[in-house]
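A.B. asks: Supplied in structure tokens, the structure appears directly below.
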Amino acid sequence: QLHFVESGGGLVQPGGSLRLSCAASGFTLDRNTIGWFRQAPGKEREGVSCISRSGDSIKYADSVKGRFTISRDNAKNTMYLQMNSLKPEDTAVYYCAADPFGVQAMCAFYDYHYWGRGTQVTVSS
């Protein structure tokens, strides 16, 4: 899939920070529900955070609440996940996603229409 160019993953120590970026191509990001998902080895993919199409609804998984921040820059057609105070259990492949068919004023974790290829985040001492 060529809808996203995803970057920003890497290896960090516990307590460190990373910012993931996804630049959208071929569609307008601000017209989509956007979300970040992650999948750790041996586990199902889980929703991390999302923003509704209108921007009025933002959700975070309990495990990342207070540490991660989702955002989008409409002028750059790019979405971000700022990750602070990283923990070893945050280690996973992180995927950006977008969906043009979501409800305008709310977001949820489901099978979005567009997906990035994923970027590895490893938190280890």
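A.B. asks: Being of a type in the set (Gly, Ala, Ser) and under 13 Å from ASN32 (Cβ atoms) is the filter; apply it to the stretch 91-115 and report the residue that is nearest to the chain's Cα centre (by Cα).
C.D. replies: Pass one, the stretch 91-115, residues of a type in the set (Gly, Ala, Ser): 92, 97-98, 102, 105, 108.
Checking which are under 13 Å from ASN32 (Cβ atoms) leaves us with 97-98, 102.
Numbers: ALA97: 7, ALA98: 9, GLY102: 16 Å.
Checking each candidate, the answer is ALA97.
A.B. asks: In the stretch 13-46, which residues are within 13 Å of ALA92 (Cβ to Cβ) and open to solvent by less than 60 Å² (accessible area, probe 1.4 Å)?
C.D. replies: Answer for the stretch 13-46, where residues must be within 13 Å of ALA92 (Cβ to Cβ) and open to solvent by less than 60 Å² (accessible area, probe 1.4 Å): LEU18, LEU20, TRP36, PHE37, ARG38, ALA40.
A.B. asks: Hey, another quick one. Given the conditions (1) touching a residue at least 24 places away in the same chain (Cβ under 8 Å); (2) assigned to a loop (DSSP other than H, G, I, E, B); (3) basic (Lys, Arg); (4) surrounded by fewer than 16 Cβ atoms within 10 Å (Cβ to Cβ), report the number of the one that LYS65 does not fulfil.
C.D. replies: Only one criterion in (1) touching a residue at least 24 places away in the same chain (Cβ under 8 Å); (2) assigned to a loop (DSSP other than H, G, I, E, B); (3) basic (Lys, Arg); (4) surrounded by fewer than 16 Cβ atoms within 10 Å (Cβ to Cβ) is unmet by LYS65, namely (1).
A.B. asks: If we scan the stretch 15-32, do we find a residue that is modelled with pLDDT of 95 or more, among the polar types (S, T, N, Q), closer than 21 Å to HIS113 by Cβ and assigned to a strand (DSSP E or B)?
C.D. replies: yes
A.B. asks: Identify all residues within the stretch 47-62 that are touching a Cys at 6+ places or on another chain (Cβ under 7 Å), part of a strand (DSSP E or B) and either over 24 Å from ALA92 (Cβ atoms) or open to solvent by less than 20 Å² (accessible area, probe 1.4 Å) (or both); write none if there are none.
C.D. replies: CYS50, ILE51, listed by residue number.
A.B. asks: Where in the stretch 76-125 are the strands (runs of 3 or more DSSP E), entirely inside, with at least 2 residues that are within 27 Å of GLY42 (Cβ to Cβ), open to solvent by 10 Å² or more (accessible area, probe 1.4 Å) and in contact (Cβ under 8 Å) with a residue 40 or more places away in the chain? Before the answer, list the steps.
C.D. replies: On the way: elements: 78-83, 92-99, 119-123.
Counting at least 2 such residues, we get 92-99, 119-123.
A.B. asks: Could you grab me the full set of residues in the stretch 71-95 that are out of contact with any Lys or Arg (no Cβ under 9 Å at 6 or more places or on another chain) and closer than 22 Å to PHE27 by Cβ?
C.D. replies: Scanning the stretch 71-95 gives SER71, ARG72, ASP73, ASN74, ALA75, LYS76, ASN77.
The values are calculated or read from the model by the stated rules, or taken from the named source; none is laboratory data. None of the values given here were measured: they were computed from a predicted structure. Cβ atoms come from the backbone with ideal geometry, glycine included; neighbour counts cover every protein chain shown. Only protein heavy atoms, including side chains, enter the accessible area calculation; ligands, DNA and RNA are left aside. Shrake-Rupley method; radii C 1.70, N 1.55, O 1.52, S 1.80 Å.
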